[in-house]
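The structure appears right after this line, and notes come after that.
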Amino acid sequence: MRATPHSASLSERERTNVATVQEHIAAANAAFSDPSQAPRVDALLAEDFVWCTPSSDGARGAERSRQLYLDIIANPTLPGSPDAFASLQLKLLATTAQGDRVAAECESYGVRNDGIVYHNYYHQLWRLDDAGKIAVYKIYDDSKHVADVQLEGNVKKVLDHLRGRAVAAGARPLQVLPDSVMAQGDRVAVMARAPATAAGGAPEILHQFVFELENGAIKSVREFREIGRE
């Protein structure tokens, strides 16, 4: 393949670093589909490897360990991963290399186990050590898309919970009211009603729920309902 002017200007080490980054993306994609391929990723990482998603949010932007990264690569449903993916693929669009650093434009496309599509864009940065191993991996992404997908997942989790809610014997099923769902971060508020029963039976009762979630799981719920209408 004919070299581009950029690739022709790279040193031998820089070309090797770009090849390592390309293999890193290919190995990660293989491991997402087949966890037995995770050792391909392991072989590319330095022993003191760290990774992060730089952010003003301390929890989101914290440096994370080599072992956690390998655990997520082998099982992307773990907490701290992009949230329970049924499928996920990364695409390397373009690279720029200088010294021990490789920067790249990237794109991901995945479908979570709950059916929500995750389609993000990135600027990623790798720093490689003198042995050619990846020592630092920084992932700059569209944080609004991350938050929007998480919020959509939280709402879906809450609505699925309410619609399939196991209620006490004799209790009435709940129906979520149209346009009554409000969500912000890890909190979801919902208005629902327990329909009236047959003539002369129990009247309609309105309920309000406030859910708090953590890592996509319902952590707590507060329920408010009309008094004196049961």
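Going through segment 130-144 one residue at a time, which ones are on the phi < 0 side of the Ramachandran plot and either in contact (Cβ under 8 Å) with a residue 60 or more places away in the chain or crowded, with 18+ Cβ neighbours inside 10 Å (or both)? Result: A131, K133, I134, A135, V136, Y137, K138, I139, Y140, D141, S143. Condition first: outside the structural domain of K156 (by TED's automatic domain parsing) and either modelled with pLDDT of 95 or more or in contact with a Gly (Cβ under 6 Å, 6 or more places away or on another chain) (or both). Can you find one or more residues in segment 68-76 that meet it? Looking for residues that are outside the structural domain of K156 (by TED's automatic domain parsing) and either modelled with pLDDT of 95 or more or in contact with a Gly (Cβ under 6 Å, 6 or more places away or on another chain) (or both), one finds none in segment 68-76, hence no. If only residues of segment 117-142 that are among the aliphatic types (A, V, I, L, M) and touching a Leu at 6+ places or on another chain (Cβ under 7 Å) are counted, the one that is nearest to T96 (Cα to Cα) is I134. The condition (being at pLDDT below 95 and more than 34 Å from the chain's Cα centre (by Cα)) is satisfied by just one residue among A192, A171: A171.
Scanning segment 14-35 for residues that are without any contact (Cβ under 8 Å) to a residue 24 or more places away in the chain and out of contact with any Lys or Arg (no Cβ under 9 Å at 6 or more places or on another chain) yields A19, D34. In this entry, S55 passes the filter for residues that are under 14 Å from I139 (Cα atoms) and at pLDDT below 90. Please find, within segment 97-129, the residue that is surrounded by the fewest Cβ atoms within 10 Å (Cβ to Cβ) out of those that are under 30 Å from D160 (Cα atoms) and small (G, A, S). Restricting to residues being under 30 Å from D160 (Cα atoms) and small (G, A, S), the top hit is G115.
Apart from one condition, E212 fits all of (1) assigned to a strand (DSSP E or B); (2) of a type in the set (D, E, K, R); (3) at pLDDT below 90; the exception is (3).
Residues that are in a loop (DSSP other than H, G, I, E, B) and among the small types (G, A, S) were ranked within segment 174-189; the one that is modelled with the lowest pLDDT is G185. Set side by side, the residues A94, A86 differ, and just one is in contact with a strand residue (DSSP E or B) (Cβ under 6 Å, 6 or more places away or on another chain), surrounded by fewer than 17 Cβ atoms within 10 Å (Cβ to Cβ), in the same structural domain as A27 (by TED's automatic domain parsing) and free of Cβ contacts under 8 Å to residues at least 24 places away in the same chain, which is A94. Taking the listed residues A183, A192, A196, the one that is of a type in the set (G, A, S), farther than 27 Å from F85 by Cβ and in contact with a Leu (Cβ under 6 Å, 6 or more places away or on another chain) is A192, with no other qualifying.
The values are calculated or read from the model by the stated rules, or taken from the named source; none is laboratory data. Since this is a predicted model, take the numbers as computed values, not measurements. Quick reminder, even Gly has a Cβ in these numbers, built from the backbone with ideal geometry, and neighbours come from all protein chains shown.
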